[in-house]
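Please treat every number below as a calculation from the coordinates, not as lab data. Keep in mind it's a predicted model, so treat the numbers as computed, not measured. Neighbour counts run over all protein chains shown; Cβ positions are idealised from the backbone, glycine included.
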Amino acid sequence: MQKKLITPKILSVLTLTSLLALPAFADYEQWEAERATLPKFEREKTVYRVESGKWNGPRLADGQPDVQGQWSNTISNHTNFTDPQGATPGETPRTPLGPRETRAPSRVVDPADGQIPYQPWARALQQEYLKNFNDPVKPEYVEPLARCAPGGPSKSFMWHGYEIRQFPGYLVFLFDSGSRIIHLYKKADKNKKGEQNNKPHLDQKIRLWNGDSRGYWEGNTLYVEVKNNNSKSRFGRTGEFSGTDTIVKERFIFDHKAGRYLYSATYTDPSVFTQPWTLEIPARRVENFAEDGWNNQLGIANHKGKELILEPYEQICTENNGGFGGGSIIGAGNSSPIL
Amino acid sequence: MKSPVNRFAVNNGLCVSASLKKLAGILFLVSLFIFSWQSQAAEKIPRLNGKPDFSGIWQTTSAADYDLEPHSARIDAPPGPGVVEGGEIPYKPEALAKRKQNFDNRFKADPRLKGWTLGVPRGIYYPEPFQIFQRARDLTLVHQFGHSVRTIHTNNTDHPQDPNDWWLGDSRGKWDGDTLVVDVKHFNDETWLDRSGNYHSDALHVVERWTLLDANTIEYTATIEDEKVFVRPWNISVILHRHREKNFQLVEDYRFTLDYDQYYPYPAERAPKAQTK
């Protein structure tokens, strides 16, 4: 079967590029012109703070704060986990980076040193993964996302833009690589057994790339507990990983007016870490920024109405891909990487 | 207030007229009953914004994915009466050779074996659950197999004018009464229609009709058209049942990762002894 060497990202860009050359349908040219004036989605060096409190935005019919739409992180992708705007593993920056404090802080906010509190054996393994990232001579040195594996609970939020869709009892994330369904319940029902909206986690024998998520809303904050993690994804290309006993407690704190939210996740796993630790990833809406094939990957819907409607395209990685992203593989579904 | 009987008693001098009135009354009551019964049946299906609500987790019990056409039991398939209207897929003569080749190579060549996206309509009658999440503007279908996600747009938008070839095509739905009619096209040619090797080209065009027969049953029909492969459009029909088991949920199945997942987060021999179970 023929392999396609086009990533979803490139497909998206190609689609929009080719649309530009088309004769107008309805108000397409006008919509495209409007979009062309939109600002570029810029990376920021500071973390936009949002505090938990009241939700002052619109709500859905079932009472959930309406946070639907396209979002992307504001700092950097997963190239470097603890120095997000720092060097890519194995590569020398084109321009000197300058002092550490001139770049965004570590994603690790607890402990205060900004480092994951690894047990010595796990730190040694992370360093080994880092060292071998660009020349992966063993299968485990290949970063799993480069094989189109899902990014796991946290890494998915520092890859491309992604979509939130909400439904009664559910909040669904649609990522470039994979998706996550969060089962919602009401906080008041948390300790009630047999409640419709308080389904127990899957049996812990079941282990999943994106885990099994249960959450509830309180004010502007979505609280989620992720169990059943297979922990096979990596936090960054810098090799950070979690262990097989991992439990993740997440908070998504939304600021309606700013169109932003702050994600934090506390990882607990005594098999790998010396103590629980917490990471933060800030995000903002992308619809009002220019289409860039990365954060905003939306297309313009074809319709006869007057309003601009943006829509996402199918995101399928493995079948379309020949691997991507440094230290990756060529071909999909191979039993061993082609190095 | 007088009862109807008393009113008839008052008018008992006009016997014929009274009988007619009585008959009309009975007919009225019967029609009321029928109307009420029909309304109750209609009310039994869940609704969202006035439209049928397909939200839920669904799965077919048919043997469609083993072979869409009628087939006897064989080593890789239970027998099945087939779901193709008329019993036979109308291949073009020149397309049959590839059909046969696919069947002969099905143990290796079926894209399902790589965990790849099953496509449309195969994902619908594949024997694993899929979940429908519904909003006014769209339906989101998450298939457990491969965890593929398909969006059916129901916001009066049309197919893109310069589309890609997608694995799941481009789906635009409209309501025909209580039936959701979905036009799907702009496919690639890499998915199969079943595990027996029925196939299509990138000219595939599918028109689906989704109807709730009752709260827990969907009648799913599809007209399949492909000018490169079939001599005429043909129809299939399957029934989808709602999963009602307690706490039932999708369990993610990124099975295309199974080839390499043993290397992560670290190979077993790298695990510290204290952690080895």
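Points to keep in mind about this one:
- Footprinting exposure proxy for A:C317, A:C148 (fewest neighbouring C-beta atoms within 10 Å first): A:C317, A:C148
- Neighbour counting of Cβ atoms within 10 Å sorts the residues A:W159, B:W116, fewest neighbours leading, into A:W159, B:W116.
- Residue-averaged beta-carbon neighbours from other chains (10 angstrom radius) around B:159-171: 5
- Cα-Cα over 21 Å, subset of A:K40/A:K155; A:K205/A:K249; A:K199/A:K257; A:K155/A:K227; A:K190/A:K227; A:K138/B:K108: A:K40/A:K155; A:K199/A:K257; A:K138/B:K108
- Cα centroid separation, segment B:56-72 to segment B:90-114 (Å): 18
- Average partner coverage of A:300-310, which counts Cβ from other chains inside 10 Å: 3
- Among A:R165, B:R244, the ranking by other beta carbons within 10 Å of each residue's beta carbon, starting with the fewest, stands as B:R244, A:R165.
- Annotation: amide H of A:E287 within the under-5 Å range of A:Q70, sequence separation 5 or more or interchain, hydrogens built in the peptide plane.
- Shielding by partners for peptide A:163-169, expressed as the average number of C-beta atoms from other protein chains within 10 Å of each residue's C-beta, is 4.
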